[in-house]
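I have placed the structure first, in the form of structure tokens, so that the comments after it can refer back to it.
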Amino acid sequence: MNGQTNQSNDLRRVKVASPRQLLKFDLPTLVCRGVIALAMLLAIFGARPYAGSWNDGSRLAAVESLLDRGTLAIDDSIFVNPELSPAGHNPYSPGDANLQAGGTSDKLSIRGHFHSDKPPVISVVMAAIYAPLRWLGLAPSPDANPERFIWILTEGTSVAAFGLTLFCMHDLARRIGLAGWDRAVWFSALAMGTFALAYTRHVNNHILQLAVASAWCPLTLRMADNGARGWKSIGLGAMLGTALGFGYNLDLGSGPLMFVAAMALLVIRLRKVPPVLATALAASPWIVACHLANWTIGGVAGPLNAVPEYLAWPGSPFGTGNMTGVLRHSPGAWLLYAGSLLGGKHGFLVHNLPLLLAIPALASIRSSVWRLELLGSLGWCGAAWLLYSLMSNNHSGGSCSVRWFVPFLAPGFFLLAVYLVEHPSKFADLAVLGAWGTVLGFTMWRIGPWTTRMIPGLWPVVGCALVSWLGLVAWRAVRRSPVKL
């Protein structure tokens, strides 16, 4: 009897939260979930059932050739020769007559056959994703229904990678202590206020590499945690190595740099052989497959599209004057081009307005407990930016901003999350930039990743964002300054 009485008293002492309290504490979480739902709906229903450029047409040609003819040679692909498409079908954008007639020009002439200029291992992975669906009768042959083939691969790669990015970055924010409205605004800025959504609309390597970079950040934090020891650290190393090896194949410019940066960071941070070795061993098969495939196809270990002879086919739009992988800048021209990759009409920062806050946030790295992880990931971004500024002159071709820099979003928002944890007063700054970024982000999503023109309204939106942000900074400075009578 006494036990029941004590239990009743204990229950009466439990404080039941009022609806107002529940709303106060749960609303930021609801906003995060709402943003995830909205972003994923836009990604899922925005995936297009056709190729929109030479870029995705070239990748899809390799996958189609593997599935239908068992070869990586794309001579007979409907993405190279659209006239081979079944009656009533065309694999390219209905609004682009040139693509519909001529097919992709992102191709290499090697030993009498055309090959895609994209790294081949990922084409094999994509074929492996599609093949079981075809065997089960859930997906058609690519050349029988190209629209369905393209849509399935876009959903299974680009859209899925975007979802994985959101999951990993949400986990990253939780691990470094970003919570409440700070996390809600930060997460909304990432999901809706950048060009990430635009790259979900078509098949491309860059959104996949963003997913890899987004996984790298929280996995590194978990491995640095004191609790990640023994078999747990080895398991995390195997996961990280698999991701890094996959990412190595996605971009043979920035992918190897990511692997080197991640391995160097692990060695410096952990100073333990087992997890570092596990990471290296898990990445090794992917790295070996990358170079072995290139050697088998074209007799070179490096990127196939960096061999000028392979681009010298009749009618090729590429040569040493515009191909990526050639040093051609004078010092002055290089400085201008390098700056334009970040701040010009194609610039990475200009198209991802929330990351303007990363400029003052750089000062917070020195005092952060995660400074090694920040230096490693941001150092990778800097090295990749330097590499592409030296070895290209085409701003990554006809794409929304600079497609090579899509994975830079992960380290950039990692820095912003740390900055918000240490400087909560910057919440309003990110909210302002994120709001204008969302306006631009929706425009980029509507257009998609493949465009040869400047984004409509780009400079007015950028101008409004800068005026709003600088106005906020000035207003805050006035409020803090003492009033002199």
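The residues of the stretch 420-462 that are in a helix (DSSP H, G or I) and among the aromatic types (Phe, Trp, Tyr), listed by number, are Phe427, Trp436, Phe442, Trp445, Trp459. Considering the stretch 118-154, the residues that are outside any helix (DSSP H, G or I), touching a residue at least 60 places away in the same chain (Cβ under 8 Å) and out of contact with any Ser or Thr (no Cβ under 6 Å at 6 or more places or on another chain) include one that is surrounded by the fewest Cβ atoms within 10 Å (Cβ to Cβ), namely Ser141. Restricted to the stretch 91-113, and to residues there that are of a type in the set (Ser, Thr, Tyr) and part of a loop (DSSP other than H, G, I, E, B), the residue that is surrounded by the most Cβ atoms within 10 Å (Cβ to Cβ) is Thr104.
Here Tyr337 does not fit the description of being over 29 Å from Ser105 (Cα atoms) and more than 19 Å from the chain's Cα centre (by Cα). Residues of the stretch 344-367 that are assigned to a helix (DSSP H, G or I) and modelled with pLDDT under 90: Ser364 alone. Out of everything in the stretch 432-457 that is in contact (Cβ under 8 Å) with a residue 60 or more places away in the chain and within 18 Å of Leu357 (Cα to Cα), what residue ends up being nearest to the chain's Cα centre (by Cα)? Only one residue fits best here, namely Gly441. Looking at this structure, is Ala417 in contact (Cβ under 8 Å) with a residue 40 or more places away in the chain, over 22 Å from Gly343 (Cα atoms) and among the hydrophobic types (A, V, I, L, M, F, W, C)? Considered against the rule, which asks whether it is in contact (Cβ under 8 Å) with a residue 40 or more places away in the chain, over 22 Å from Gly343 (Cα atoms) and among the hydrophobic types (A, V, I, L, M, F, W, C), Ala417 comes out as yes. Among the residues making up the stretch 293-324, those that are assigned to a loop (DSSP other than H, G, I, E, B), buried (at least 18 other Cβ atoms within 10 Å of the Cβ) and out of contact with any Gly (no Cβ under 8 Å at 6 or more places or on another chain) are Phe318, Met323. Taking the stretch 373-395 as the range and being assigned to a loop (DSSP other than H, G, I, E, B) and either in contact (Cβ under 8 Å) with a residue 60 or more places away in the chain or over 23 Å from Thr104 (Cα atoms) (or both) as the test, the residues that pass are Ser392, Asn393, Asn394. When residues in the stretch 325-343 are screened for being in contact (Cβ under 8 Å) with a residue 24 or more places away in the chain, in a loop (DSSP other than H, G, I, E, B) and farther than 24 Å from Val124 by Cβ, 4 of them pass. Scanning the stretch 155-179 for residues that are among the aromatic types (Phe, Trp, Tyr) and surrounded by 17 or more Cβ atoms within 10 Å (Cβ to Cβ) turns up just one, Phe162.
The values are calculated or read from the model by the stated rules, or taken from the named source; none is laboratory data. These figures come from a predicted structure and were not determined experimentally. Backbone-built Cβ (ideal geometry, glycine too); neighbour counts: all protein chains shown.
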